[in-house]
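Below is one structure, written out as C-alpha cells; the observations come after it.
The values are calculated or read from the model by the stated rules, or taken from the named source; none is laboratory data. All values derive from a computational prediction rather than experimental measurement. Here the Cβ is made from the backbone with ideal geometry for all residues, glycine too, and neighbour counts use every protein chain on show.
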Amino acid sequence: MKKILALALTLVMIFALAVPAASAANDGSVYWLNFKPELDETAQALAAKYTEATGVEVKVVTAASGTYSQTLTSEMDKKAAPTLFIIGNQAGVKEWGEFAMDLTDTAIANELNTDAYNLYDEDGRLVSIGYCYECYGIIVNPDLIEAAGHSMDEIKNFDGLKAVAEDIHVRADELGFDAFSSSDMDGSSSWRFTGHMINLEYVYEEREAGAVWTECPAELTGNYMDNFKNLFDLCINNSLTDPKDLATGGHDAEAEFKSGKAAFFVNGSWEYAAVSGDVPNATMIPYYCGVEGEEKAGLNCGTENCWAINDTASDADKQATMDFMVWLVTDPEASAAMVEQLGIMPYKSAVESTNGFLNDAAAYTADGCYVMDWATNYQPNVDDYRAALVSALNQYCADQSDANWELVKTAAIDGWATQYAAANG
Amino acid sequence: MKGIFKNPMRRWGWFFLGPVTAAFCIGFVWPFFQGIYLSFCKFKLISKTTWVGFDNYVQALKDASFMHSFWYTALFAIVSLLFINVLGFAAAYALTQGIKGSNLYRTVFFMPNLIGGIVLGYIWSMIFDGILSRYGTSILLETKYGFWGLIILMCWQQIGYMMIIYIAGLQSVPEDMLEAAKIDGATKRQTLFRVTIPNVMPSITICTFLSLTNGFKLFDQNLALTAGQPFIIQPDGSTVKTTEMLALNIYNTFYGQNSASKGVGQAKAVLFFILVAGLGLAQLSYTRKREVQQ
C-alpha cells in the first residue's frame, strides 16, 4: 500500500513539473485578464464559443474583486502574459501605458461609435478603449415615494430631495419604510461614497473651471465640499441605520432597497439586473446636492472598463486578440451576451441596451441635461486616497462635528495634493 | 566508483531529496536572493529593473509611517508574547493536573488555531463592533481598541497552539524529580518554579520564539480587523495609519501607485527580514542558556 502511495506521489510530482512545458501554440492566441468578476461567466462562455468557431485559443482569467493591479503586476511578468488587459483610468495609463499598443485607426477602434470613453497617453497614443460604460446616481423606488404621498416631480433639486427624504424618515415607523438604505463604510460599500458620490465635488470644480480634466490636477479647490456634505448628511441621517453603526458595515443596502424597506439607494447601472426584478419601476436620479442650476444635472456616466492590447505580445497574438475583440462587439450573439452583462457597449454594431438606468441616463442627456463625467477616475494613488477618506468619514459619522468634517475636507482636498505629489514625485 | 553506489541510501538519497531541494530553491532560496537584489532597484515588473543603489533604503527609513508601524509592531509583539505565553502555560498546567475532560478542553482550545487569519479578523471585527456600537463607537475609531482587539484576537488564536507545546513539555518533566520534591516537602509553588519550569525551558524557548516572530510577521489579522484604521489625517492631507503593522505597511507601500514605490516596499521587506531574524536569533540564544540538561 505504501509503495503504491509513494509511486502515486512521485508520478504526481513528475507530471506537475512536466505539464506546463507541454502546451505551446504556433498561431496567435488570446489571454484576456478580465477586470469585472460579474462578467467572468459570460466571458468564459464566449471564449469557449470563439475557440469552437475559429480554433483560436482564448484564455480568460478574472482577477478577484479589488486585486486587479496585483494580479496584473504578476501576470505581466510571465512569458505568457495577458494579451488583452484593462487600463481603466489615468493612473493606469501612467502605470501601464508603455505596455499598451497604440489602437489608433485599428479595426476595433473603427467599430466604436464614440470617442468619449477612450484613454490617451501624454503622446496622444490611444492606449485603451472603452468596451462598456456605466452610470451612477441615486436609485429610487417611485412606488414608495408615492406611497409616502409625494411624487417624483417634487425631486428636481436638492431642496426637493431633502424635503421628501426627511419627511419619509420622520414618518418611517408609520410608513413601514425609510428614506435611504444603509451607507456602510466597509470595503464592500465605501466606494459608493469615496469613489462615486465624491465625484460631484470634482465635476462641479470642472464646470467652474469651464473644462473637463484631461489629466490629473495637482490640487483641488474644495469649493464644492459643502455640497458633498449636503448629500452625504442627507444619506446617513435619513436612513435605516444609525450613522454610528456604519464603520464596519454588515448591512445589505441592496436587499433593503429590493425588499421595499428603503426608497433611495446610492449605486449604479450595474445594479439594474439585481433590483429591477423586485422593483420594476426603479429609476435613477442625479446627485442633487444644492448647486445652482442642478435642475439640469444628468447622471454620472463613464467607465473604468477599457481594453488595452499588450504591445509586448507577438504580432500573431496581437492580431488574434484584435480579431477576438472585434468579434465580441460585432457578432450578434456575442455582443448580446456582453450587453446583457455590461448594460451598454459604445460600438456601432452592438445590440441595444436593456438596462433601465442607462436608458434613464440617455433620457437626461436627450432632455439637454449635462452629463457628470467620471472625474473620479483621476483620483491619485486611488487606494490610499480613498482609504484616508473612509477613515475620516468614519470619524465624522460617529460624531458629526465641524472639527470632524474639517478632517474629511483635509482627506479629500489636501489628501489629493499629497497623493498627487507622491504619485508624481 | 563502486564505493559510492554500495550504500543504497547514498545511491537513492539525491533522487528522493531532489524534488524537495528543487522546490526549496525555486520557492525560497531564489526569491529570497532576487528580493534582496530588487531592493536595490527601481522596477515595475521584476523582469525590467533599474539599479538605484541604496536610494530605496534611504526612502524607507525616511518614511514616518514605516517608523510608526515599527514601534507599533514592537509594542504589539511584546504584549502579545507575554499574554499568549503566560495564558498558554497556565492552560497547559491546568490541563495536566488530571481534571476530567482534559482531552476535550485541549481539543477545543486548540481549534481556533485552525481558522484562517482573514476569516478570524472579519468575525472578530463583528464581535467587537457588536459590543462597541452600544457605546456609540467602533473598533475602527480608536487606536487603543484596534490594539487591544488584535491582542484579544491573537490570544484567542494562539493560546491553544502554545498550550499543546507546553503540555508536551510538562509531560516530559521526570516523575522522579517531582516525587523527590514532594518527599522533600516542597510546596506546589516551589515545585512549579524550581522543578517544573526549569524542565520545560525548551518549550518556553520555542513558544516565545514562535509568538515573537508571529507578532512581528502578523498580516492577515491586521488587514481584516482594522486595515490600519483609524488614520490620523495630518494638516497637509497625508495620513498615519495608526494600527498598521510592519507587514501591512510593506504591502501598502509595494502596491502604492508611485512608480518608485515597489523598490521601497522591497527595501522595507529586507529590513524587516533582518529585524525579525536578528530578534529571533537573539531571543533563541538568550532562552537556550536557561535550559537545563535532564
### Task
Select from segment A:173-192 the residues that are buried (at least 19 other Cβ atoms within 10 Å of the Cβ) and hydrophobic (A, V, I, L, M, F, W, C) and write down the one among them that is farthest from A:A388 (Cα to Cα).
A:F177
### Message
All but one of (1) more than 14 Å from chain B (Cβ to nearest Cβ); (2) out of contact with any Leu (no Cβ under 8 Å at 6 or more places or on another chain) hold for A:M325; state the number of the condition that does not hold.
### Response
(2)
### Query
Would you say A:A308 is outside the structural domain of A:V93 (by TED's automatic domain parsing) and at pLDDT 90 or above?
no
### Query
If we keep just the residues of segment B:88-121 that are over 18 Å from the mean Cα position of the chain (by Cα) and surrounded by 15 or more Cβ atoms within 10 Å (Cβ to Cβ), which is farthest from the other protein chains (Cβ to nearest Cβ)?
B:Y93
### Task
Look through segment B:122-151, keep the residues that are of a type outside the set (F, W, Y) and more than 14 Å from every other protein chain (Cβ to nearest Cβ), and return whichever of them is farthest from A:M185 (Cα to Cα).
B:I151
### Message
Based on this model, can you work out whether B:G215 counts as in contact with a helix residue (DSSP H, G or I) (Cβ under 9 Å, 6 or more places away or on another chain), crowded, with 18+ Cβ neighbours inside 10 Å and on the phi > 0 side of the Ramachandran plot?
### Response
no
### Query
Which of the following residues is in contact with a helix residue (DSSP H, G or I) (Cβ under 9 Å, 6 or more places away or on another chain) and outside any helix (DSSP H, G or I): B:I139, B:I84?
B:I139
### Summary
A:V279 fails exactly one of (1) assigned by TED's automatic domain parsing to the domain that holds A:V140; (2) outside any loop (DSSP other than H, G, I, E, B); (3) in contact with a Lys or Arg (Cβ under 9 Å, 6 or more places away or on another chain); (4) surrounded by 20 or more Cβ atoms within 10 Å (Cβ to Cβ), namely (2)
### Query
Exactly one of (1) closer than 16 Å to B:D63 by Cα; (2) in contact (Cβ under 8 Å) with a residue 12 or more places away in the chain is unmet by B:I232. Its number?
(2)
### Query
If you check A:A334 against the conditions, is it farther than 21 Å from A:G268 by Cα and without any contact (Cβ under 8 Å) to a residue 24 or more places away in the chain?
no
#### Entry: Complete set of residues in segment B:108-122 that are aromatic (F, W, Y) and either touching a strand residue (DSSP E or B) at 6+ places or on another chain (Cβ under 7 Å) or without any contact (Cβ under 8 Å) to a residue 60 or more places away in the chain (or both)
B:F109, B:F110
### Message
Whether any residue in segment A:131-142 is within 14 Å of chain B (Cβ to nearest Cβ), on the phi < 0 side of the Ramachandran plot and charged (D, E, K, R) is what I want to check.
### Response
no
### Summary
Screening B:M201, B:M154 for residues that are modelled with pLDDT of 90 or more, more than 14 Å from chain A (Cβ to nearest Cβ) and within 30 Å of B:Q97 (Cβ to Cβ) leaves only B:M154
### Message
Could you go through segment B:56-74 and let me know if any residue there is in contact (Cβ under 8 Å) with a residue 12 or more places away in the chain and not in a helix (DSSP H, G or I).
### Response
yes
### Task
Answer yes or no: is there a residue in segment A:172-179 that is in a strand (DSSP E or B) and outside the structural domain of A:E340 (by TED's automatic domain parsing).
yes
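Every residue, every condition in (1) in contact with a Phe, Trp or Tyr (Cβ under 9 Å, 6 or more places away or on another chain); (2) surrounded by fewer than 21 Cβ atoms within 10 Å (Cβ to Cβ); (3) not in a loop (DSSP other than H, G, I, E, B), yes or no:
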position: A:E201; (1), (2), (3): yes, no, yes
position: A:E208; (1), (2), (3): yes, yes, yes
position: A:T221; (1), (2), (3): no, yes, no
position: A:D233; (1), (2), (3): no, yes, yes
position: A:F257; (1), (2), (3): yes, no, yes
position: A:F265; (1), (2), (3): yes, no, yes
position: A:W270; (1), (2), (3): yes, yes, yes
#### Entry: Where B:T50 falls short, out of the listed (1) exposed (fewer than 13 other Cβ atoms within 10 Å of the Cβ); (2) in the same structural domain as B:T243 (by TED's automatic domain parsing); (3) outside any helix (DSSP H, G or I)
(2)
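So that you can scan it fast, the table gives a plain yes or no per residue for (1) within 14 Å of another protein chain (Cβ to nearest Cβ); (2) surrounded by 15 or more Cβ atoms within 10 Å (Cβ to Cβ); (3) within 29 Å of A:W96 (Cα to Cα); (4) of a type outside the set (A, V, I, L, M):
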site	(1), (2), (3), (4)
B:I183	no, no, no, no
B:V264	yes, yes, yes, no
B:V270	no, yes, yes, no
B:L281	no, no, no, no
B:E291	no, yes, no, yes
### Task
Among the residues of segment A:150-171, count how many are surrounded by fewer than 18 Cβ atoms within 10 Å (Cβ to Cβ) and without any contact (Cβ under 8 Å) to a residue 24 or more places away in the chain.
7
### Message
Among the residues in segment A:157-170, are any part of a strand (DSSP E or B), in contact with a Phe, Trp or Tyr (Cβ under 9 Å, 6 or more places away or on another chain) and farther than 30 Å from A:M325 by Cα?
### Response
no
### Summary
If we take segment A:335-418, then helices (runs of 4 or more DSSP H) inside it with 1 or more residues that are at pLDDT below 90 and within 9 Å of chain B (Cβ to nearest Cβ) are A:382-398
### Condition broken by B:Q34, with the remaining ones in (1) more than 14 Å from chain A (Cβ to nearest Cβ); (2) part of a helix (DSSP H, G or I) satisfied
(1)
### Task
Consider A:A313 carefully, then state whether it is surrounded by fewer than 23 Cβ atoms within 10 Å (Cβ to Cβ) and either touching a residue at least 12 places away in the same chain (Cβ under 8 Å) or part of a helix (DSSP H, G or I) (or both).
no
#### Entry: Count of residues meeting criterion [more than 13 Å from chain A (Cβ to nearest Cβ) and buried (at least 22 other Cβ atoms within 10 Å of the Cβ)] in segment B:222-249
3
### Query
If you take the residues of segment A:402-425 that are of a type in the set (V, I, T) and under 18 Å from A:F232 (Cβ atoms), which of them is surrounded by the fewest Cβ atoms within 10 Å (Cβ to Cβ)?
A:I413
